[in-house]
Amino acid sequence: MLKKLSNGCVAIVQRFLPDPFIFAIILTIIVFVAAIPATSQGPMLMVEHWGVGIWNLLEFSMQMALVLVLGTALASAKPVKRVIIRIGSVPKTPAQGIFVVTLIAIIACWINWGFGLVVGAILAKEIARQIKGIDYRLLIASAYSGFVIWHAGISGSIPLSMGTVGEDGFVANTGGALDYAISTSQTIFSPWNLAACLVILVLLPIINMRMHPSPDDVITVDTAKLIDEEEVVPKAITPAEKLEQSPILSYIIVAMGVAYLVYYFINNGPNLSLNIVNLIFLVLGIAFHVTPINYVNAIIAAVKGAGGIILQFPFYAGIMGMMVGANPETGASLAGVISEGFVAISNDVTFPLFTFLSAGIVNFFVPSGGGQWAVQGPIMMPAGAELGVSPAVTGMAIAWGDAWTNMIQPFWALPALGIAGLSARDIMGYCLITLFFVGIVVCAMFACVGIFGLA
């Protein structure tokens, strides 16, 4: 039954899902058309919101491009390759390969989402090299499926931001509804959140494993395309070439990087921001490639997969600009209209569930944790407080919704797809099954939280 359902989803997606860039253009048009009547703004105002917003993710775009490039370059270093090869040799059958990739991806994404996106895809490529007859599309989809849990993990931006009170005496983006910090023991490490994470950790690898196509329907990958070229280092003759191949230069940078990381963690604790993850990738990559020129060559090879991020992220920034662009007279925005619509039909029992569902819808157009919090926090947090719902529950409902619909949003799949050399339509059919399963689990969790007052 599960295999038939997944095959049907794959067939539909293969037929109707366009290239992610076309998908971004279609979303742009949908938001533009929907926002005009919903917010009573004219076309030129929406164009202005789009034009102002289109460059708002430049820093984030560079961060995500570096996640892909630095992570891939690190994975190509010989010491890291040996570790990946060893892990990749553990599973012996296609089903075991799918299970292991999903399990590792979930754990890695729960620890840190940027790290998890890269680790899962790289491990999947290695398993594809070693196991014959494994479906490459499902393997990469399984690596990406672990991302569904990121916002319930220790790098979740919303629960972490709820732990800090601003200079104005309020937690940012809560509409003045929260004037004290929320501990992660009430959000990430709450019993109900950990229970949902555990259910997903146990069952999702099994579900992905059971979706593996029959041998006649398997689509494999030419393993020759997955073999990285060996580093060829010519003999250094000129002074310039000797500098390029000098480990001393690499070690100086590594020493500086390590010193800063030690300083950072002493002062900030185990807070793995995206910049720190990229710095760790950078320092380890330079160290493991030994010489500067080896690392340069690895970066050049890795850059090829970053084109999708560079092209598409500005368009999603433009979509976000239109989603949050408010009518200057009424203050109405499309994201606000969607959120307020769910608030209007909620009570103290159903509010967590409806917040989760509304966040899933908004995330489809605003696929950024920070952007989602800025859009929905000022609306949902005061509404939840008025209904007597715990702010920890409201915040985590937004966080789970933000992560949930990433399974059908190509935005976040781009780094994994760049590493794997696939398109979004190759994996999204399988990710639909993850969407259905996780949606059931999280809806049940928030229904129980609302009915039994578990928070």
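The values are calculated or read from the model by the stated rules, or taken from the named source; none is laboratory data. This one's a predicted model, so the numbers in the text were calculated from it and none came from an experiment. We place every Cβ from the backbone using ideal geometry, glycine too, and count neighbours over all the protein chains shown. Note: areas computed on protein heavy atoms with side chains; ligands, DNA, RNA excluded. Shrake-Rupley method; radii C 1.70, N 1.55, O 1.52, S 1.80 Å.
Hey, rough spin-label estimate for Phe452 and Tyr180, points 7 angstrom out along Cα→Cβ, what's it come to in nanometres?
Spacing of the two 7 Å Cα→Cβ label points: 2.6 nm.
What span do the alpha-carbon atoms of the stretch 1-141 cover on each of the three principal axes, reported in whole Å from largest to smallest?
59, 40, 23
Multiplying the sequence separation of Arg15 and Val33 by 0.36 nm and subtracting their Cα-Cα distance, what value in nm do you get? Show your work: numbers first, answer last.
Numbers: separation 18, 0.36 × 18 = 6.48 nm, distance 2.52 nm.
Extra length available between Arg15 and Val33 comes to 4.0 nm.
At a 10 angstrom cut-off on C-beta neighbours, averaged per residue, how do the peptides 335-341, 251-257 rank from highest to lowest?
So the peptides 335-341, 251-257, ranked by packing, come out 335-341, 251-257.
Using θ = phi - 60° and the Karplus relation 6.51 cos²θ - 1.76 cosθ + 1.60, list the HN-Hα couplings for the stretch 407-422 in order, rounded to whole Hz, with x at every Gly or Pro.
Result, ordered by residue: 5, 10, 10, x, 3, 7, 7, 4, x, 5, 5, x, 5, 7, x, 10 Hz.
Through the Karplus equation 6.51 cos²θ - 1.76 cosθ + 1.60, θ set to phi - 60°, convert the phi angles of the stretch 45-59 into ³J(HN,Hα) values in whole Hz; use x for Gly and Pro.
5, 5, 4, 5, 4, 5, x, 5, x, 4, 9, 6, 10, 4, 4
With angles folded into 0 to 90 degrees, how steeply does helix 334-344 sit against the dominant principal axis of the chain? Use alpha carbons for both and round to 10.
50 degrees
Would you calculate, for the chain, the mean residue ellipticity at 222 nm contributed by helices, counting each DSSP H stretch of 4 or more residues as -39,500 (n - 2.57) and dividing by all residues, to the nearest 500?
Details: 21 runs with 318 residues, N = 455.
Mean residue ellipticity, 222 nm, calculated: -23000 deg cm²/dmol.
How do Val101, Val202 rank by accessible surface area computed with a 1.4 Å probe, from largest to smallest? Provide the component values of the computation, followed by the final result.
Details: Val101 0, Val202 75 Å².
Correct descending sequence by accessible area is Val202, Val101.
Any aspartates and glutamates with Cα under 19 Å of the Lys3 Cα? List them, leaving off those in the same chain fewer than 8 positions away.
By straight Cα distance, Lys3 reaches Asp135, Asp216, Asp217, Asp426.
What percentages, rounded to whole numbers, describe P(r) for the stretch 351-391 computed over all alpha carbon pairs with 5 Å bin width beginning at zero?
Taking all Cα pairs of the stretch 351-391, the binned fractions are 5, 25, 32, 24, 11, 3 percent.
Once the whole set of protein chains is in place, how much accessible area is left on Ile248, using a 1.4 Å probe, in Å² to the nearest 10?
Accessible surface of Ile248 is approximately 110 Å².
Which semi-axes, in whole Å and largest first, does the equivalent ellipsoid of the chain have when worked out from the alpha carbon gyration tensor as the square roots of 5 times its eigenvalues?
Values: eigenvalues 273, 139, 102 Å².
Equivalent-ellipsoid dimensions as semi-axes: 37, 26, 23 Å.
Keeping all protein chains in the complex and leaving out DNA, RNA and ligands, what accessible area do you get for Leu160 with a 1.4 Å probe, in Å² to the nearest 10?
Near enough 70 Å² of accessible area.
For a quick check of understanding: with a 1.4 angstrom probe and all protein chains in place, what accessible area in square angstrom does Cys443 have, to the nearest ten?
40 Å²
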